[in-house]
Amino acid sequence: MATSYAGYLSDQAERRFIKETVKTPMLSREREFALAVRWRDHADEEALHEMVLAYSRLVVATATRYRNYGLPVSDLIQEGNIGLMQAAVRFEPERGLRFSTYSSWWVRSAMQDYILRNWSIVRTGTTAAQKSLFFNFRRLRAKIDKSGAALMAHELKRQVARELRVKLGDVEMMEGRLAGNDHSLNAAVGETGENEWQDFLADTRPQPDDIVLEQRDAAIRSGWLHNALAGLSDRERHIIGERRLQDETITLEALGRELGISKERVRQIEHRAIEKLRDAIRHHAGLGESGRLFASA
């Protein structure tokens, strides 16, 4: 009862606000300029209030455009008013642009950010391309697909991707996102309700015994490599270390300058050292260790 009463009050406040905005007269260019200068140069809050209230109808009109995303229009209006205030703070009247034109971007951006944050608990995307796809997908699909089918044919998806300059995979992902609503993984499945949706999710993590075996294999392979490296000469070990065991490897030419030999000679020594390592590891793997360990090495 309390919730419905709060919703009723919210609807009442929304209707009052909309009536106020409709009754508020529009500003002439001269009046708008004067108010903007008073606010910017003298922090005149009355000037700010008059200017913002005069263009609140822009907020209402924009909120109406986004009402089909399932969020309360009153919330959209509040977010739009924040965008309108941000525009007023940044507005430069000397540039000759009308405040309605300048503020429309801020109002629209504030509402779009709010929709993206609240439309789904799953993050939708915040890049410019993803936002454009989210807010233009339905319109373009209706424009291109005159039949109004729930799922577009492959060519129609390609057309949407070309129009918005995004990848085909992004279009397919967005279509799936917009086709359904969020569902709780704890929701019951079937009439009996004995199972939840999360009970049917496959666990892709490795099993404990696989983790233990992998750790054992890694330790054995590390021992093989350590013993194999011990069988190399100092120069071979240095070249292998610089060329194969570093995140940022050194070039053959730079290593040749360091050792005082040609880069071709460095390549030959590296090749010979790798063959020695391979033979040593094969020798260790053949001393009774399983073939599976050698294959993974």
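The C-beta contact set for segment 55-70 (first residue in contact (Cβ under 8 Å) with a residue 12 or more places away in the chain, second residue of a type in the set (F, W, Y), distance under 8 angstrom, 6+ apart or interchain) comprises Y55/F99; S56/F17; V60/F17; Y69/W119; G70/W119.
Can you spot a residue in segment 233-240 that is assigned to a loop (DSSP other than H, G, I, E, B), of a type outside the set (K, R), modelled with pLDDT of 90 or more and out of contact with any Ser or Thr (no Cβ under 6 Å at 6 or more places or on another chain)?
Taking segment 233-240 first, the residues assigned to a loop (DSSP other than H, G, I, E, B) are 233.
Then drop every residue that is not of a type outside the set (K, R), which leaves 233.
Imposing the further condition that a residue be modelled with pLDDT of 90 or more reduces the set to 233.
Remaining after also requiring out of contact with any Ser or Thr (no Cβ under 6 Å at 6 or more places or on another chain): 233.
Yes, segment 233-240 has at least one match.
Does L35 count as aliphatic (A, V, I, L, M), modelled with pLDDT of 90 or more and assigned to a helix (DSSP H, G or I)? Walk me through how you get there before you give the answer.
Details: aliphatic (A, V, I, L, M): yes; modelled with pLDDT of 90 or more: yes; assigned to a helix (DSSP H, G or I): yes.
Here the answer is yes, as L35 does meet what is asked.
Between a residue in segment 270-281 that is at pLDDT below 90 and any residue that is loosely packed, with under 15 Cβ neighbours inside 10 Å and not hydrophobic (A, V, I, L, M, F, W, C), which pairs come within a Cβ distance under 6 Å, given they are 6 or more apart or on different chains? Qualifying pairs under 6 Å: A280/G231.
Looking across segment 39-62, just one residue is of a type in the set (F, W, Y) and farther than 25 Å from R15 by Cβ, and that is W39.
Inspect segment 187-205 for any residue being among the small types (G, A, S), surrounded by 12 or more Cβ atoms within 10 Å (Cβ to Cβ) and modelled with pLDDT of 85 or more and give the result as yes or no. Step through it out loud before you land on a result.
Step one: of segment 187-205, the residues among the small types (G, A, S) are 187-188, 190, 193, 202.
Applying the additional criterion that residues be surrounded by 12 or more Cβ atoms within 10 Å (Cβ to Cβ) yields 188.
Of the ones still in play, those that are also modelled with pLDDT of 85 or more are none.
No, that holds for no residue.
The values are calculated or read from the model by the stated rules, or taken from the named source; none is laboratory data. Remember, it's a predicted structure, so these values are computed and weren't measured experimentally. With ideal geometry, Cβ positions are generated from the backbone for all residues, glycine too; neighbour counts draw on all protein chains shown.
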